[in-house]
Amino acid sequence: MKKYRKLFYFVLGLISVFVYFIGCHADFVARKLTFHPAKYPIGNWDVVKGSAVYDVSEEVRFPNSRHQMLVGRYFDYTKMVTGDTARGSVLYCHGNAGNISHLTDWAFQLSRDLRCHVFVFDYAGYGKSEGEATASGILDDGRAARNWLAEHDGIPNDNVILYGQSLGGSVAVDIAAKDGARALIVESSFTSLGDMGQRLLPFLPVHWLLREQLASIDKISQFHNPVFISHGQADQTIPFSQGQRLFDAANEPKTFYIPPPCYDYHSAPHCQEHRQQLRTLIDSPPIRNNVP
């Protein structure tokens, strides 16, 4: 009996040491499991002089609150269509992998489709941006990008349209919930970092270990302007059910869009119907008085 008791305490001790080690290094573990940045020079950074993208966009640098220099690209809709005015200013928070150089053509088309100025940026550690990505850091980076866009376009911070894809959805939701926005667009995103971690590592108490959960499911109900959530049923990266749960937690007015087959995987291009749905959102008025 004493032999088994000693073995029990020995195993319990090993588990305690393991949990303590993981707990003390939770942020490190989270960074390695969560963030997969493509650092410069990886990507397509050459914007050909005289091309359509070159003529209507510019690369910009701006600091976050941690005094790290971040890099983004601003697309000016008024340079695309002569005589037309922009319907709004969109901050696009991209997903986990890659960097903004992979989004150049896509952001150009998004600006044309939505008839808006579009600003894409890289979190710390991605592309040309300085530093290293952390769960709390990307939220700070998103706010720094939002502040730059609002100041550049001469609008209040809460008049920016926030658009987050995948990991970027958690950034957009956090800013919208705490600071306000004209509208919120969330595409193929998760309920929380803890939920995703538990799905990938069911043998670890991930919810307990993470200091920053990026828990959109707990934040999105604090936002009261128009919400548009899209999630593909063929998404093998983030379960479709997590998109449904986010939508259920959001306030009206809200729209849940399921892309048709062949457009319903994680990073699928937008079909014509999807683009039209987004244009309808942009044209709808906010319902809160804090947005002009």
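The values are calculated or read from the model by the stated rules, or taken from the named source; none is laboratory data. Note that this is a predicted model, so its numbers are computed, not measured. Every residue, glycine as well, gets a Cβ built from its backbone with ideal geometry; the counts of neighbours run over all protein chains shown.
Of the numbered criteria (1) surrounded by fewer than 23 Cβ atoms within 10 Å (Cβ to Cβ); (2) more than 19 Å from residue 174 (Cα to Cα), the one residue 140 fails is (2). When the test is whether a residue is surrounded by fewer than 24 Cβ atoms within 10 Å (Cβ to Cβ) and among the basic types (Lys, Arg), residue 115 passes it.
Taking first residues from region 170-196 that are more than 16 Å from residue 217 (Cβ to Cβ) and partners that are of a type in the set (Phe, Trp, Tyr), the Cβ contacts under 6 Å between residues at least 6 apart in sequence or on separate chains come to 185/163; 185/228.
Note on region 131-166: residues that are at pLDDT 95 or above, out of contact with any Pro (no Cβ under 9 Å at 6 or more places or on another chain) and not in a helix (DSSP H, G or I) total 9.
Out of everything in region 167-209 that is at pLDDT 70 or above and in contact with a His (Cβ under 7 Å, 6 or more places away or on another chain), what residue ends up being nearest to residue 98 (Cα to Cα)? Among those residues, the one meeting the criterion is 168.
In region 97-117, the residues that are free of Cβ contacts under 8 Å to residues at least 60 places away in the same chain and charged (D, E, K, R) form Cβ pairs under 9 Å with partners that are surrounded by fewer than 21 Cβ atoms within 10 Å (Cβ to Cβ) and in a helix (DSSP H, G or I), at six or more places apart or across chains, as follows: 105/53.
Residue 241 meets each of the listed conditions (1) among the polar types (S, T, N, Q); (2) out of contact with any Gly (no Cβ under 7 Å at 6 or more places or on another chain); (3) at pLDDT below 95 apart from (3). Would you confirm whether or not region 97-109 contains a residue that is part of a strand (DSSP E or B) and of a type in the set (Val, Ile, Thr)? There is no residue in region 97-109 that is part of a strand (DSSP E or B) and of a type in the set (Val, Ile, Thr).
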